[in-house]
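Here the structure comes first, spelled out in structure tokens, and everything after it is commentary.
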Amino acid sequence: GRADEPDPESLASLKVLSESQHGFVVWESNRSGRWRLYRRELDGSGLRAIDPEENDREHYCPHLSPDGSRLVYLSYPAGSDTYQPGDPPGGAALFLMNADGSDNRRIANSARAYYEDRGAVWIDDNNLIYIDGEGFTRQLDLNSGSNSRLTKNGRPGGGFLVNATKTFATTGEPTFSPFDANQ
């Protein structure tokens, strides 16, 4: 989410969780004046930005891999807002990096959010689903580099983000529909 600081109830929950588990959270925040990606350990320590410092970019939609070792995010031109329709023409770049911020690399030149806080869905630790800049739903295999369309038609100005089992899809509206690859 976009919350800068957890509320007291959330902090209490994090404290209980951190006493029994090791882990971290990752989120986007505009505390620096631009949307950036931050990480904090469950015990509240280690708050830091993990994305590259880019004055002309906004970073949105971080999503951790199932094993928590990596994350993907979208990099938009400065001034963009994923809560508003109207992605830049051709979409934005999709990046992959280790969860600590290292080994940051572009994996797709053209991707988009679904007008909320999601830019990709992990199928497993090496495969993910995203919406390309033309509104087609795509599956990317990070090991082989294979990138294939999951939808027959693109959805101009948006797209369908499909769940990991490829059974449901959403456009960012508060509904989920059965996924039909022929659409």
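Where a number appears in this text, it was derived from the coordinates with a stated rule and is not lab data. Computed from a predicted structure; not experimentally measured. Cβ placement follows ideal geometry from the backbone for every residue including glycine, while neighbour counts extend to all protein chains displayed.
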Rg (one decimal) and Dmax (whole number) from the Cα set of the range 102-183, in Å, equal 12.1, 38
Gap separating the Cα centres of the range 106-183 and the range 38-76, nearest whole Å
20
Please report the net charge: other residues with Cβ closer than 12 Å to the Cβ of Asn126, K and R +1, D and E -1.
-3
Tally Lys/Arg at +1 and Asp/Glu at -1 over every other residue whose Cβ is under 14 Å from the Cβ of Arg149; what's the total?
0
